[in-house]
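S.K.: My questions all concern the structure below.
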C-alpha cells in the first residue's frame, strides 16, 4: 500500500469516526463534514478501476439529481401528480399565481439535496471498502476491530447520557427511554451494534489461537448486552436468531441444515407478523404500547401506499414523505417523516425505477454470492458469513425502521457491503495476495 492509499484509508476511518461521534444524525454539521472528507477521498480515487456494485449509488444519485431539475407545471402534472397537487394546484386555486410555474419533481428539494449528499458519501465509503480493506488479512482484521470499537463507543455514550442528565444529544430524542436514558434513536444504535456484533463475533470464532477466540467471544457479549439495553425489540430478536445461526454455521459448516431452516422460518414468522399485523390482539391487549405500535405501523404503510399511487413513476422526491403525509394521509395525525418499511418508502419517494434499482441490487448481491464464494480460500469463506449476516440483519430491520435513510446506518451497510464484494471479486495469486479479476 503506497502513501496515497494509506491516506485514503485514514480518511475512510476518519469519515466513519466523525459520523459516529455525531451519531450519524441527519443534521447539517454531520452532512457538511462528511461531504468535505468524501470529496478529499474522491480526489484520490477518482481514476481507479471500476468498482463492481457501485451502480446502486450511481443510479440513486442520478435519480436524485433528476428530481431536483425544475420542470414546467404541464409536464410536472403528468409525471409527478403528487408534487403538482402539493405545490402548484394550491397556488392556482387561491389565485396567487396565474402564470406557468416551474417546480422540481421533489416536494422537498432541500431534503432531496441532503439525501443526495448522504448517497454520495455512502458511494465513497463503498468504493474505499471495496478497493482497500480486503487487500490483506491484517487490513480486514483492523476493520473488524473498528466495528467492535464503535459499538463500545455507543455503549459508553449511552452511559454518559444517562448519568449526565442530558436529554438531547446532537438532535432529536425519542420519548421511549432505555436503561441508559434517552438516546438519539435506540433502533439505529441497536442496528449499528448488531451489525458490528455479527461481523466481530464471526471473526473471533475463526481465530486460530484459543485465547484470542475466547477473548473475542467475551467482548462480543458486551456488545450483545448493549443491544439488549437499547430495548429495540426487532433488533434484539433478529440478533439473537442470527447469532444462533452463526454459531451453528461455525459448528456445522457443511452439516445438517435443519437447525438453520428452523431459524429462518422463525425470522420469516416475525416479518409476517409485523408486516401483515396478524390478529393476535387478544394475546397482546395488555401491552398497550406494543398494540399502539402495530396500529401506527399499519397506518404508516397505508399512507405511504397512497402517496405512491399518486406518483408511481417518479415518486414524491427523496425526503418528501413528511410533506406528503400531511396532505395524502388517511385520517390519523402523523408527525413521522418516514415510513417504517424502507422498500415501501423507496417506492413512494423514488418511484418504481428506484424500487427496481434497489431490489435488483439485492438480487445481484445474492447471485454473485452463489457464484463466487465457493472459489475463495476457506478462511475468507468464513469471513463472508459474518458480513452476510450483518447485511441480512440490515435488510430485515429495514422492515421496521428507516435504516436505509438514516446516514450512519446506511454508511455501515455500505462499508460492510464494500468489504464483502471486495473479497468476492478478487482471487488469490498466492497465499495472502489478491489479484484483480
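The values are calculated or read from the model by the stated rules, or taken from the named source; none is laboratory data. Note that the coordinates shown come from a computational prediction; the quantities given were computed from them, not determined experimentally. So basically every Cβ, Gly included, is an ideal-geometry build from the backbone, and we count neighbours across all protein chains shown.
S.K.: Would you check which residues across region 62-77 are within 28 Å of residue 14 (Cα to Cα) and crowded, with 16+ Cβ neighbours inside 10 Å and list them?
M.R.: 64
S.K.: If you don't mind, there's one more thing I want to ask. If residue 194 passes every condition in (1) at pLDDT below 60; (2) within 21 Å of the chain's Cα centre (by Cα); (3) under 20 Å from residue 152 (Cβ atoms) but one, which one does it miss?
M.R.: So the condition that residue 194 fails would be (1).
S.K.: Hey, among 402, 383, which residue is closer than 30 Å to residue 345 by Cβ and modelled with pLDDT under 90?
M.R.: Numbers: 383 fails: closer than 30 Å to residue 345 by Cβ.
From the options 402, 383, the qualifying one is 402.
S.K.: To continue, here is another question. Working only within region 79-114, note down all residues that are at pLDDT 75 or above and surrounded by fewer than 12 Cβ atoms within 10 Å (Cβ to Cβ).
M.R.: Matches in region 79-114: 110 only.
S.K.: For region 412-426, indicate whether the set of residues that are surrounded by fewer than 17 Cβ atoms within 10 Å (Cβ to Cβ), in contact with a strand residue (DSSP E or B) (Cβ under 7 Å, 6 or more places away or on another chain) and at pLDDT below 90 is non-empty. So that I can check it myself, show each step before the final result.
M.R.: Step one: filter region 412-426 for residues surrounded by fewer than 17 Cβ atoms within 10 Å (Cβ to Cβ), giving none.
For region 412-426, residues surrounded by fewer than 17 Cβ atoms within 10 Å (Cβ to Cβ), in contact with a strand residue (DSSP E or B) (Cβ under 7 Å, 6 or more places away or on another chain) and at pLDDT below 90: absent.
S.K.: Kindly indicate whether any position in region 31-54 is under 19 Å from the mean Cα position of the chain (by Cα), more than 16 Å from residue 123 (Cβ to Cβ) and at pLDDT below 80.
M.R.: Looking for residues that are under 19 Å from the mean Cα position of the chain (by Cα), more than 16 Å from residue 123 (Cβ to Cβ) and at pLDDT below 80, one finds none in region 31-54, hence no.
S.K.: Something else: Please specify each residue of region 247-260 satisfying the condition of being in a helix (DSSP H, G or I) and either at pLDDT below 60 or in contact with a helix residue (DSSP H, G or I) (Cβ under 6 Å, 6 or more places away or on another chain) (or both).
M.R.: Start the filter on region 247-260 by keeping residues that are in a helix (DSSP H, G or I), which leaves 247-251, 258-260.
The answer is 248, 249, 250, 258, 259, 260.
S.K.: Residue 82 fails exactly one of the following numbered conditions: (1) assigned to a helix (DSSP H, G or I); (2) over 13 Å from residue 102 (Cα atoms); (3) without any contact (Cβ under 8 Å) to a residue 40 or more places away in the chain. What is the number of that condition?
M.R.: (3)
S.K.: Oh, and also: Does residue 18 satisfy the condition of being at pLDDT 75 or above, in a loop (DSSP other than H, G, I, E, B) and under 23 Å from the mean Cα position of the chain (by Cα)?
M.R.: Values: at pLDDT 75 or above: yes; in a loop (DSSP other than H, G, I, E, B): no; under 23 Å from the mean Cα position of the chain (by Cα): yes.
So residue 18 does not fit the description; no.
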